[in-house]
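Enquirer: The structure follows.
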Amino acid sequence: MTNDAGCEVPLADHTVDVVFCFDALEHIMRLEQVISDWHRVLRPGGRVWIWWSPWRGPYGHHLESLVPLPWVHLWVDARTLFHACAI
């Protein structure tokens, strides 16, 4: 769940032990707002777990469940890759 659209995460203050951010951070435009909201909902001592694959990494295309080939996005253009996944 993200609050990048301008709305808050619909949780009460200090009620979350862990915030998971999986392959999303690079898509968040209002990063300061999102991080502030994570801080609001986290309990004291809560943690944020962030994971992402850099574009030049082996699975930077985020399609590893559909196309389990490392670095495929570097030798096949995005349109062809997305078309292959849609079939």
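The values are calculated or read from the model by the stated rules, or taken from the named source; none is laboratory data. None of the values given here were measured: they were computed from a predicted structure. Ideal geometry is used to build each Cβ from the backbone, glycine not excepted, and the neighbour counts take in all protein chains shown. For accessibility, only protein heavy atoms count, side chains too; no ligands or nucleic acids. Shrake-Rupley method; radii C 1.70, N 1.55, O 1.52, S 1.80 Å.
Enquirer: Give a quick list of chymotrypsin sites (Phe, Trp or Tyr not before Pro) in the range 9-59 that DSSP marks as loop, anything other than H, G, I, E or B, with at most 15 other Cβ atoms within 10 Å.
Expert: Values: sites: Phe20, Phe22, Trp38, Trp49, Trp51, Trp52, Trp55, Tyr59; in loops: Trp52, Trp55, Tyr59.
Hits after loop and neighbour filter: Trp52, Trp55.
Enquirer: Let me ask you something else. Net charge within 14 Å of Ala84 by Cβ-Cβ distance, Lys/Arg positive one each and Asp/Glu negative one each, not counting Ala84 itself? Numbers along the way, then the final one.
Expert: Values: positive: Arg79; negative: Glu64, Asp77.
Summing Lys/Arg as +1 and Asp/Glu as -1 gives -1.
Enquirer: Let me ask you something else. Among the GluC sites (Glu not before Pro) in the chain, which ones are in a DSSP loop with at most 15 other Cβ atoms within 10 Å of the Cβ? Mind listing them? Please list the in-between numbers first.
Expert: Details: sites: Glu8, Glu26, Glu32, Glu64; in loops: Glu8, Glu64.
Counting only loop positions with at most 15 other Cβ atoms within 10 Å, the GluC sites (Glu not before Pro) in the chain are Glu8, Glu64.
Enquirer: While we're here: Taking a label point 7 Å from the Cα of Ala24 along the Cα→Cβ vector, which residues of the range 49-87 have an amide N closer than 13 Å to it?
Expert: 49-52
Enquirer: For the chain, give the percent of accessible area contributed by carbon and sulfur heavy atoms, probe 1.4 Å, rounded to a whole number.
Expert: Working: 4130 of 6430 Å².
Percent of accessible area from carbon and sulfur atoms in the chain: 64.
Enquirer: Can you run the Rg to Rh ratio on the chain? Use alpha carbon positions and the Kirkwood inverse-distance Rh. Intermediate results must be reported in sequence, preceding the final value.
Expert: Details: Rg = 16.3 Å, Rh = 14.9 Å.
That ratio is 1.10, to two decimals.
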